[in-house]
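The structure appears right after this line, and notes come after that.
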Amino acid sequence: MADLGFPAPTRRLARAVEAFFVEQGRDLPWRADRSPYRVWLSEIMCQQTRVQVAIDYFTRFVERFPRVEDLARAPLDDVLAMWSGLGYYARGRNLHRAAQVVAFERDGRFPDTAAGLRELPGVGPYTAAAIASFAFGRTEAVVDGNVMRVLSRLCLDDGPLDEPATKRRMTARALALAEAADHAPTLAEGVMELGALVCTPKAFRCDACPLSTMCEARDADVVALYPVKKKPRPRTLVEVCAVVVHQDGAVWLERREAKGLFGGLYEVPATPLDGAAPAKVARQLLEARGLSAPGRLRKTATVARTLTHRELVFHVYSVPVDGAHDPLRAGDEVSGVGLSTAMREVLRAGWPAAERFLPG
DNA sequence: AAAACGGGGGA
DNA sequence: TCCCCAGTTTT
């Protein structure tokens, strides 16, 4: 086997991590019962999301959908409504699809190997390994951001995080550790826990680390310089015109197509400005829907939301209407569909009754 | 290999 | 402000 660059025997490293997890691992809701369904659900929710945030969503989901069949039978809109605010909504859409595959094509049973799990929508290399390990006790290389950080420091690996070659090295190391462990799942979860609690990006606590005496970055006093990252891409400004058409306790909502940004979520009539005047675009949005615009449209507010690569600025127009209108949704229906945090803000800004119907 | 895809909490 | 989080999918 090629040299993995460990600063100490894998057996010693593995035992130290396992002991750390047994003694200091957190009592997270999804650790109480390691059923495949709960492990899968928690892992999907935790993707690119802080554990503290995922906890609330996980608790609500298992209460509302106790079994994978319950999730599979629910309308997608219900699932996305529950997912509202969590972000990366493709996860919610894939979650629903995967639940249907498991419930309807596999008799409710999850695949019990990483390769099998990998076939489910939304389950990539990390999640497949995590479920195979935590739920089925398999010896897998479970490599997430925490693991990459811990191992890059431990082995003084200066490969950029987003390069496949770096990922391959980390995977080989994670597998070697899992194979050297007493209990592979404990090791795997332990490395992640170490990254989450001790070997953190900024405020790392080497004094509390079970690996500190073996860590190469620590030896060289360069922990803060690892892992190595590439330069981030700049953000671009996107201005959007949003028209909040409302009638008392009802508001006009439309469903976005089920892909791309905020896919499958609901929104008020809206479109990017593309350099046009907001008032003019607002009028066009209304006319395209057969709505009579008042003599003069008044901008109600500006709502700004920052995404990873985009700065969204909504020019919000509040437009009261009367008479019957089709896509006008009663307030109590609004909480039953998927809404992005950005759209919640837009609704709050342009719909007088929003406070009565939008939680938070 | 690079880009797309949310949101928020902490430094 | 910037960073970065229990990553996956698409281009």
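The values are calculated or read from the model by the stated rules, or taken from the named source; none is laboratory data. Since we're looking at a predicted model, the values are computed, not measured. Neighbour counts run over all protein chains shown; Cβ positions are idealised from the backbone, glycine included. Only protein heavy atoms, including side chains, enter the accessible area calculation; ligands, DNA and RNA are left aside. Shrake-Rupley method; radii C 1.70, N 1.55, O 1.52, S 1.80 Å.
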Handout entry: Hits in the range A:306-327 - residues which are open to solvent by 80 Å² or more (accessible area, probe 1.4 Å), of a type outside the set (Ser, Thr, Tyr) and in a strand (DSSP E or B)
Key = A:ARG310, A:PRO320
Exercise for the section: Would you mind telling me which numbered condition in (1) within 14 Å of DNA strand C (Cβ to nearest atom); (2) open to solvent by 60 Å² or more (accessible area, probe 1.4 Å); (3) not aromatic (Phe, Trp, Tyr) A:HIS96 fails? Expected result: (2)
Problem - Hey, A:ASP162 on the phi < 0 side of the Ramachandran plot and open to solvent by 60 Å² or more (accessible area, probe 1.4 Å) or not - result: yes
Handout entry: Any chance A:ALA16 is open to solvent by less than 30 Å² (accessible area, probe 1.4 Å), within 22 Å of the chain's Cα centre (by Cα) and either closer than 30 Å to A:LEU175 by Cα or among the hydrophobic types (A, V, I, L, M, F, W, C) (or both)
Key = no
Exercise for the section: Considering every residue within the range A:234-249, establish whether at least one is open to solvent by less than 70 Å² (accessible area, probe 1.4 Å), in the same structural domain as A:GLN48 (by TED's automatic domain parsing) and part of a loop (DSSP other than H, G, I, E, B). Expected result: no
Practice task
Examine the range A:79-91 for a residue that is touching a Leu at 6+ places or on another chain (Cβ under 7 Å) and within 11 Å of DNA strand C (Cβ to nearest atom), and state whether such a residue exists.
Solution key: yes
Handout entry: Tally of residues being among the charged types (D, E, K, R), more than 16 Å from DNA strand B (Cβ to nearest atom) and open to solvent by less than 40 Å² (accessible area, probe 1.4 Å) across the range A:136-156
Key = 1
Practice task
Could you pull out the residue among A:GLU257, A:GLU193 that is more than 16 Å from DNA strand B (Cβ to nearest atom), under 24 Å from the mean Cα position of the chain (by Cα), charged (D, E, K, R) and closer than 28 Å to A:TYR89 by Cα?
Solution key: A:GLU193
Problem - Qualifying residues in the range A:47-83 (those that are open to solvent by less than 20 Å² (accessible area, probe 1.4 Å) and within 11 Å of DNA strand B (Cβ to nearest atom)) - the one nearest to A:GLU267 (Cα to Cα) - result: A:LEU80
Exercise for the section: Would you mind stating whether A:ARG91 is within 14 Å of DNA strand B (Cβ to nearest atom) and surrounded by fewer than 22 Cβ atoms within 10 Å (Cβ to Cβ)? Expected result: yes
Problem - Qualifying residue in the range A:275-294 (condition: open to solvent by 20 Å² or more (accessible area, probe 1.4 Å) and of a type in the set (Val, Ile, Thr)) - result: no
Practice task
Report yes if A:GLY87 is outside any helix (DSSP H, G or I) and not acidic (Asp, Glu), otherwise no.
Solution key: yes
